[in-house]
Amino acid sequence: MNQHTTGSKYEYFIEQAASYREAHERILSQYGERAKVLTQKKTRVGGFLGLFPRDMIEVHGYITKEPLMKRPAPGDFHEEKKKILETVGKKDPVQDTLLKELRELKVAVESQKHYSNGMSHEQPLFKEIQDLLQDNEFSRKFSQDILQRLRRELSVETLQDTEVVHQKVIEWIGDAICIHTLRKPEQPNVFILVGPTGVGKTTTIAKLAAMHRLGIEQGENASPGPKRRKEVRILTIDNYRIGARQQIETYGQIMEIPVSAVESSSDLRKYLDLYSDADVIFIDTIGKSPKDYATLGKMKALLASAGASAEVHLAMSATTKCSDMLEILQQFEPFGYQSVIITKLDETSKVGAIVSSLWEKGKTLSFMTNGQSVPHDIQRAEVVQLLINLEGFKMNRSALEERHSNKKTEQ
Ligand SMILES: Nc1nc2c(ncn2[C@@H]2O[C@H](COP(=O)(O)OP(=O)(O)OP(=O)(O)O)[C@@H](O)[C@H]2O)c(=O)[nH]1
Ligand SMILES: [Mg+2]
């Protein structure tokens, strides 16, 4: 069944049938490919006085008078395919170069898109962490490592949670700090402190010597039970600077610790023999610029007489900037120092440079000093004590303490 009206440009039709399929077949057979369907719906038709109507499908459409697109005949299609394959097969150097450049451009655009998408997605929290690391004076290398870990190890959901991200970053900073395990004391335990000028070597020697003298040394080597006053000696090779010898001798007098000045390798050997029954022998050295290679060389030759069992520590001030710390750590390498003592922590709130430089050079930390008072202002290096100096981070201290509590005994 159909209705058919003619317009100026189109002829309209309505076709009713029992199913869509039947309607479409009829439309195709009557009007051919020019028939275009506009709408189709279900409708109820027939029945006597509204009784027993039938469900029918009604399709509205029009017949276009515009010429149809020519479909290629099967033969034409094969002809076209052959032409295309021939063009593709031909090597055109200009076209090849262009294609190559286009491909490279596409890769560059894609990676740029990926990068900018990533950044815009990450930006607020990543920027915040980056700024915090920078404010705390972490090195670029260290900050980049942390940011990469954030991208790699945290899910997109976790990255929305400021507190979790802060705590994670603090944990990773803590993991980067390695605490030196003190050797089981030999007798005598020879402890040498080297380092740049004015960082607090002599003061630190005085603090450590006093602690041992009083039997209140800290850390894993602290003897359990009643404290035993130890036999302590101090040697100094700082004979050249006016007042230097007097400074350590004054500490020695107050603490009742013998202090001797050493001028040569044979001198050093003589005193080490003489004090062979002492518990600890501390050796204070001349503060030297890490660039004064000649004096550093002489000092190294002299200290070599202390033997391989001597424990060498490098004193470095917490107020030093990161690039200088890296240089100091490098220049004092010939002394074969086993660990670093960080001094003057009380003079700065920025601990990023210390953590970054030690991490970059793979060095451990043994003690931290935080004031001029002898002997109190010194403690065994502790990860959490450093972390709590970090500014601007939200941190859960008890979780950090739990995480790092065993670190002292790890090597
Ligand atoms: N604020 C602070 N000052 C310290 C600390 N340790 C040492 N000092 C001070 O730093 C200054 C230099 O200390 P010294 O112990 O003479 O340093 P040094 O490395 O022996 O110096 P040189 O022998 O000249 O190379 C002194 O005024 C000390 O009181 C510390 O932990 N905090
Ligand atoms: Mg000194």
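We did not get these values from a lab; they are worked out from the coordinates using the rules stated. These figures come from a predicted structure and were not determined experimentally. A quick note on method: Cβ atoms are made from the backbone with ideal geometry, for glycine too, and the neighbour counts reach across all protein chains shown.
Counting neighbouring Cβ atoms within 10 Å and putting the fewest first, the residues Cys322, Cys178 line up as Cys178, Cys322. Placing pseudo-labels 7 Å out from each Cα toward the beta carbon at Arg183 and Asn389 gives an inter-label distance of 2.7 nm. For a label point 7 angstrom out from the Cα of Ser323 toward its Cβ, which stretches of segment 330-354 have the backbone nitrogen within less than 19 Å? Answer for segment 330-354: 330-332, 351-354.
By the beta-carbon count within 10 Å of each Cβ, the least crowded to most crowded order of Met299, Met316, fewest first, is Met299, Met316.
Shown for Tyr20, Tyr31: other C-beta atoms within 10 Å of each C-beta, ranked fewest to most, produce the order Tyr20, Tyr31. A straight chain from Leu38 to Glu25 at 0.36 nm per residue would run longer than the Cα-Cα distance by 3.1 nm.
Measuring spread by the Cα atoms of segment 235-309 yields a radius of gyration and Dmax of 12.7, 37 Å.
Count the net charge of all other residues whose Cβ sits under 14 Å from the Cβ of Lys201, scoring Lys and Arg as +1 and Asp and Glu as -1. Counting the neighbours of Lys201, the net charge comes to +3. Extension gain for the segment Ala399 to Arg149, taken as residue separation times 0.36 nm less the Cα-Cα distance, is 88.0 nm to one decimal.
Residue separation of Gln246 and His376 scaled by 0.36 nm, minus their Cα-Cα distance, works out to 44.7 nm of gained length.
Taking 23 Å as the limit for the C-alpha separation, the pairs Lys201/Lys300; Lys42/Lys65; Lys298/Lys344; Lys344/Lys394; Lys141/Lys300; Lys291/Lys363 exceed it in the case of Lys42/Lys65; Lys298/Lys344; Lys344/Lys394; Lys141/Lys300.
Shown in residue order for segment 246-258 are the 3J(HN,Hα) couplings computed by the Karplus curve 6.51 cos²θ - 1.76 cosθ + 1.60 at θ = phi - 60°: 4, 4, 6, 5, 4, 4, x, 4, 4, 8, 6, 10, x Hz (x for Gly and Pro).
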